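To start, the structure under review is shown below, and the notes come after it.
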Amino acid sequence: MPPTTDGTALPFLAINMADFRKLVAVSLLAGLLGGLLLSLLQHYQTLPLILAAEQFETPSTEEHVHDWQPMDGWQRNGFTLLFNGLTGFGFALLISASMYWRDQRGYLYGLGWGLAGFLVFFVAPSLGLPPELPGTDSAELHSRQAWWLFTTAATAMGLFGLFLTKQRWLQIGGASLLALPHLIGAPHPEIAHALAPEALQQHFVVLTSINNAIFWLTLGAISGQLLRKVTF
Amino acid sequence: MKTIAASTAISTSKFLPGFSAIVLGLTVILGLGFLQDANNYLHNAAHDGRHSAAFPCH
């Protein structure tokens with residue numbers, strides 16, 4: 001399909017809006033389906049652990065006790081469903097754009113990109129900053145967010161260098177980028193302290209890892225399969 | 001040099017749609033995962049999702 005802004009002097013800047021709209025449509029559907037699946041998994045597996053951990057938070061340790069919070073039940077679950085659907089949309093956009101650039105279609109390629117997303121956005125950050133239950137002490141928020149951003153960016157570039165380039169020096173550079181965030185190390189509080197029992201926290205890490213792996217692989221497979229339905 | 005073209009080159013007409021999709025995706029992800037508002041409305045609404053997706057929370 002020709003770019004919709006034909007006749008521009010700079011063909012590089014003539015965006016093909018039809019292709020962009022197809023990527024958005026594919027990602028929206030994949031993200032909503034993946035987000036729905038993740039919400040169901042969380043509702044039956046991790047939400048009970050979050051609620052249990054909150055029982056250990058007394059009003060004095062709860063930071064935002066006076067602020068509005070969604071009511072437990074449909075309201076709280078509804079916001080989580082919305083969050084999961086929208087993050088699913090965002091993640092699916094990254095997957096479908098990557099496959100679009102590389103002319104890939106189908107669920108098998110999608111599974112590969114889903115695995116990459118799981119490594120970039122879950123495994124690598126979790127190695128330094130494991131998923132935490134409410135009431136767990138951790139280092140100052142901005143330093144953890146900065147490390148999270150650095151780690152996802154370095155891991156994405158590292159995987160690209162290692163697996164999608166043919167030059168030895170780019171592959172070595174990629175492997176170094178994968179290791180770098182973990183050599184620097186994630187910010188941690190000087191004295192770690194958690195309100196919930198250690199067993200609950202470990203259970204939470206295992207379940208979130210399984211749920212996010214299922215979510216990412218499903219999201220990738222659906223995105224890849226939906227890309228078969230559109231022609232660019 | 002042929003392998004570079006085969007592995008990393010993106011045709012110019014395909015660059016912007018994909019790039020726009022990635023910018024939109026990153027905006028959605030980082031907005032949902034990181035934004036803090038003064039009244040914590042956004043934080044509290046996204047709370048369980050952030051904890052379960054291993055975004056730094058609190």
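Laboratory data are not the source of any read-out in this text; all were calculated from the coordinates shown. Not measured: the values here are computed from a predicted model. We place every Cβ from the backbone using ideal geometry, glycine too, and count neighbours over all the protein chains shown.
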> What are the pairs, 6+ residues apart or on separate chains, where a residue within segment A:210-232 that is crowded, with 20+ Cβ neighbours inside 10 Å has its Cβ under 8 Å from a residue that is of a type in the set (Val, Ile, Thr)?
Replying inline: A:211/A:46; A:219/A:95; A:220/A:95; A:223/A:26; A:223/A:95; A:224/A:95; A:226/A:26; A:227/A:26
> Would you pick out the residues in segment A:133-180 that are buried (at least 18 other Cβ atoms within 10 Å of the Cβ), among the small types (Gly, Ala, Ser) and within 13 Å of chain B (Cβ to nearest Cβ)?
Replying inline: A:135, A:138, A:156, A:161, A:174
> In segment A:176-232, which residues are out of contact with any Asp or Glu (no Cβ under 9 Å at 6 or more places or on another chain) and polar (S, T, N, Q)?
Replying inline: A:176, A:202, A:208, A:209, A:211, A:212, A:218, A:223, A:225, A:231
>> Take the residues in segment A:83-132 that are closer than 25 Å to residue B:42 by Cβ and outside any helix (DSSP H, G or I); name whichever of them is nearest to the other protein chains (Cβ to nearest Cβ).
In response: A:131
